[in-house]
Structure formats: C-alpha cells, structure tokens
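The values are calculated or read from the model by the stated rules, or taken from the named source; none is laboratory data. Nothing here was measured: the structure is a model prediction, and the numbers come from that model. Virtual Cβ from ideal backbone geometry, glycine too; neighbours counted across all protein chains shown. Protein only, heavy atoms only, side chains kept; ligands, DNA and RNA dropped before computing areas. Shrake-Rupley method; radii C 1.70, N 1.55, O 1.52, S 1.80 Å.
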Amino acid sequence: MNKKIVALLSVAAVASTMAVNVSAEEDLITVGYAQVGAESDWRTANTESFKSTFTEENGYKLIFDDAQQKQENQIKAIRNFIQQDVDYIVVAPVVETGWETVLQEAKDAGIPVILSDRMMDVADDSLYTCWVGGNFVKEGETCANWLVDKFGDEEEVNVVTIQGTIGASAQIGRTEGVDNVLKDHANFKILDQQSGEFTQAKGQEVMESFLKSYDDIDVVICENDNEAFGAIDAIKAAGKTCGPEGDICVVSFDSVKAAFEAMIAGDLNATFECNPLHGPRVAEIIQKLEAGEEVDKIQYVDEGAFDTTMDLEAILAERLY
C-alpha cells in the first residue's frame with residue numbers, strides 16, 4: 001500500500017480515537033471536591049467514599065483538592081473549580097463562616113454547591129444547594145445521655161473535653177449537644193475545654209495539659225476518635241488507666257475501626273458514630289438535580305452508638321471504615 005495512504009489512514013485513526021475520547025469525557029459529570037484535609041481516620045474514609053463513587057465508570061470526572069485544614073486553600077480550590085467550569089462543587093468546609101463571597105461567585109457561574117459533613121453559616125442559604133452529613137447536636141446529646149446513664153445523678157463527675165477545630169460544625173454541634181444534656185445534671189462538672197484540632201497528636205498534648213492541671217478527672221470527652229487515641233496515650237504515660245475498668249472514662253465520636261479496636265483492648269468506653277460514607281448520597285443528589293428534581297436542603301446520614309457492652313468483634317468484622 002502507498003506510504004502516503006498508510007500515513008493518512010493512521011492520522012484518521014488517531015483523530016477518530018481522539019474524537020471518541022473527547023466525546024466520552026464530555027459525557028462525564030465533572031465534580032470538584034474541596035476536602036478539609038486528612039487529619040483523621042474518619043476524613044480518610046470520607047475521602048475514599050468520594051473517590052470510589054465519583055469514577056469515570058460511574059459517569060463522573062472528580063477533581064479532588066486537599067485543603068490541609070486551611071480555609072484559604074478551600075476558597076482558592078473553589079475558585080479554581082469555577083474557572084474549570086465544573087458541573088458541581090462539593091465542599092467540606094474547614095469552618096462555618098467566611099464563605100459568602102466565593103459562594104456568590106459559584107452561584108453567578110451557575111454551579112450548584114453541595115456541602116458535605118460540615119455546615120456553612122451564611123445569611124443567604126440559597127448560596128448552596130443542600131447539605132449532607134451527621135446530626136452533630138444529636139451526637140453530642142447521645143454521648144451525654146450515655147454518660148448520665150453510666151454515672152447517674154448522685155456522685156460528682158469531673159469532665160474535661162478535648163474539642164475539635166474551633167468553629168467547625170462538628171465541634172460546635174457536639175459541644176452544644178453535650179451541654180444541652182449535662183446542664184440539667186448538676187453533678188457533672190466541666191473542668192476544662194480545649195481544642196485538639198481533631199488530631200491524635202494535639203489530643204495527646206491537650207490531655208497531658210489536663211492531667212497536669214487536674215488530679216480528679218473522671219471523664220474525658222474527645223470530639224473525634226483520633227483525639228481519644230492521643231488522650232489514651234497521655235493517660236497511660238501519666239501512670240493512670242482508662243476504659244471500663246480504668247481511672248478515667250474515655251468517650252469519643254466518629255466510630256472508625258480503630259475505635260472498636262480500642263474498645264476491645266479495654267482503653268475506650270464508647271464511641272458515637274458520625275458516618276463518613278457521603279459519596280453515594282451526594283451522587284444520588286446530583287442525579288436528582290440532573291433530572292431536574294428538587295432535593296431536601298438538609299440530609300442526615302444514619303448513625304449509631306457503640307460501647308463495650310456490645311459484640312464489638314462481630315460489628316468490627318462488618319465495618320466498612
């Protein structure tokens with residue numbers, strides 16, 4: 001065959017392949033996800049839920065951005081998503097305030113914004129389409145009611161709290177939920193509250209500080225599991241014990257696999273679930289929006305509570321995160 005004809009056929013084949021690829025990519029729904037960071041086991045599971053859901057096989061192109069716990073990085077990421085003309089923006093906001101300007105930019109560009117995990121405090125809630133996540137206030141109330149059931153109303157109970165990142169929805173809601181219940185039980189004394197920033201290292205640092213300041217701590221409430229792991233290390237290093245048979249009762253939030261292992265080991269008393277598997281729920285919302293359907297503004301995920309009275313080995317064997 002003439003070499004020129006072969007060359008022309010090759011060029012045509014390449015062009016055809018490129019056209020198919022471009023067409024296939026144009027058919028994908030592009031989603032930009034501005035994630036908080038990777039500060040905890042919960043966050044890792046949350047990220048994986050999105051990455052495994054928003055795949056090309058499922059009809060999506062995911063643009064993922066890790067903000068490393070900085071709001072300014074998330075705002076920059078959202079603006080980059082707008083410039084790339086994505087179809088949807090998903091944000092797990094670092095803190096609740098300071099979002100109006102960039103959300104207005106997304107609205108002006110005609111890009112729906114879906115909030116995941118944490119809320120935003122904005123004067124105009126039409127700036128975002130909906131929110132998906134846990135009921136943080138309810139989680140806090142469930143934790144506090146568990147403590148009341150355990151200790152009763154007779155003995156004095158001294159409590160310290162390792163809070164999450166101050167201003168984050170999970171921190172605000174869990175703190176509020178605990179206060180809602182314990183304010184009606186005068187025997188519970190809140191000795192101190194400090195932020196552990198949702199990290200194990202900071203949780204250990206804060207617990208070390210508490211142990212130096214107070215000799216009579218009965219309970220430490222950790223606003224996520226990783227802070228609890230740090231607190232447990234600090235308690236043991238100080239020569240004290242924790243867990244169901246220990247000197248200090250340790251409770252936490254999120255309910256990742258490592259929390260079940262800590263309960264089985266006898267170090268953690270209870271953990272209150274914050275379900276991180278938001279990817280499928282967000283995909284369901286996007287499909288409804290694509291079909292022109294209305295979606296609920298607030299959408300809670302299902303959550304439970306776990307303690308050492310349960311068959312933890314059996315639960316852990318089926319745990320996805």
Working only within the stretch 281-299, note down all residues that are surrounded by 12 or more Cβ atoms within 10 Å (Cβ to Cβ) and either small (Gly, Ala, Ser) or under 19 Å from GLU48 (Cα atoms) (or both).
ARG281, VAL282, ALA283, GLU284, ILE285, ILE286
The residue from GLY167, GLY98 that alone is on the phi > 0 side of the Ramachandran plot and either touching a helix residue (DSSP H, G or I) at 6+ places or on another chain (Cβ under 9 Å) or part of a helix (DSSP H, G or I) (or both) is GLY98
Could you count how many residues in the stretch 62-74 are crowded, with 16+ Cβ neighbours inside 10 Å and either in contact with a Phe, Trp or Tyr (Cβ under 8 Å, 6 or more places away or on another chain) or in a loop (DSSP other than H, G, I, E, B) (or both)?
5
What pairs come out if I take residues in the stretch 45-73 that are at pLDDT 95 or above and pair them with residues that are assigned to a loop (DSSP other than H, G, I, E, B) and open to solvent by 40 Å² or more (accessible area, probe 1.4 Å) whose C-beta lies under 6 Å away, six or more apart or interchain?
SER49/LEU277
In the stretch 136-152, what residues are open to solvent by 40 Å² or more (accessible area, probe 1.4 Å) and either under 18 Å from ALA231 (Cβ atoms) or modelled with pLDDT under 95 (or both)?
TRP146, LYS150
Could you tell me which numbered condition LYS76 fails, if it satisfies all but one of (1) over 29 Å from ALA291 (Cβ atoms); (2) in contact (Cβ under 8 Å) with a residue 60 or more places away in the chain; (3) of a type outside the set (Gly, Ala, Ser)?
(2)
When you scan the stretch 249-257, do you find a residue that is more than 20 Å from GLY134 (Cβ to Cβ) and open to solvent by 70 Å² or more (accessible area, probe 1.4 Å), even just one?
no
More than 18 Å from THR271 (Cα to Cα), in a strand (DSSP E or B) and either touching a residue at least 60 places away in the same chain (Cβ under 8 Å) or within 24 Å of the chain's Cα centre (by Cα) (or both) - does that describe any residue in the stretch 132-143?
yes
Tabulated pairs, the stretch 306-319, first touching a residue at least 12 places away in the same chain (Cβ under 8 Å), second basic (Lys, Arg) and surrounded by 10 or more Cβ atoms within 10 Å (Cβ to Cβ), C-beta under 9 angstrom, 6+ apart or interchain
ASP307/LYS150; LEU316/LYS257; ARG319/LYS257
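A quick yes/no check of all residues on (1) hydroxyl-bearing (Ser, Thr, Tyr); (2) over 21 Å from SER195 (Cβ atoms); (3) open to solvent by 30 Å² or more (accessible area, probe 1.4 Å):
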| position | (1), (2), (3) |
| --- | --- |
| LYS212 | no, no, yes |
| CYS222 | no, no, no |
| ILE232 | no, no, no |
| ALA259 | no, no, no |
| ALA262 | no, yes, no |
| LEU277 | no, yes, yes |
Going through (1) surrounded by fewer than 22 Cβ atoms within 10 Å (Cβ to Cβ); (2) in contact with a strand residue (DSSP E or B) (Cβ under 6 Å, 6 or more places away or on another chain); (3) among the hydrophobic types (A, V, I, L, M, F, W, C) one by one, VAL113 fails only at (1)
If a residue must be charged (D, E, K, R), within 28 Å of PHE260 (Cβ to Cβ) and either part of a helix (DSSP H, G or I) or open to solvent by 40 Å² or more (accessible area, probe 1.4 Å) (or both), how many such residues does the stretch 29-61 contain?
4
With respect to GLY239, determine if the residue is open to solvent by 10 Å² or more (accessible area, probe 1.4 Å), touching a Lys or Arg at 6+ places or on another chain (Cβ under 9 Å) and either farther than 19 Å from GLU273 by Cβ or among the charged types (D, E, K, R) (or both).
no
Out of GLU318, GLU273, sole residue that is open to solvent by 10 Å² or more (accessible area, probe 1.4 Å), at pLDDT below 95 and among the charged types (D, E, K, R):
GLU318
Could you tell me which residue of the stretch 153-187 is surrounded by the fewest Cβ atoms within 10 Å (Cβ to Cβ), considering only residues that are of a type in the set (S, T, N, Q) and within 18 Å of the chain's Cα centre (by Cα)?
THR175
Selection within the stretch 301-314 - open to solvent by 30 Å² or more (accessible area, probe 1.4 Å), more than 20 Å from the chain's Cα centre (by Cα) and under 13 Å from ALA270 (Cβ atoms)
THR308, THR309, MET310
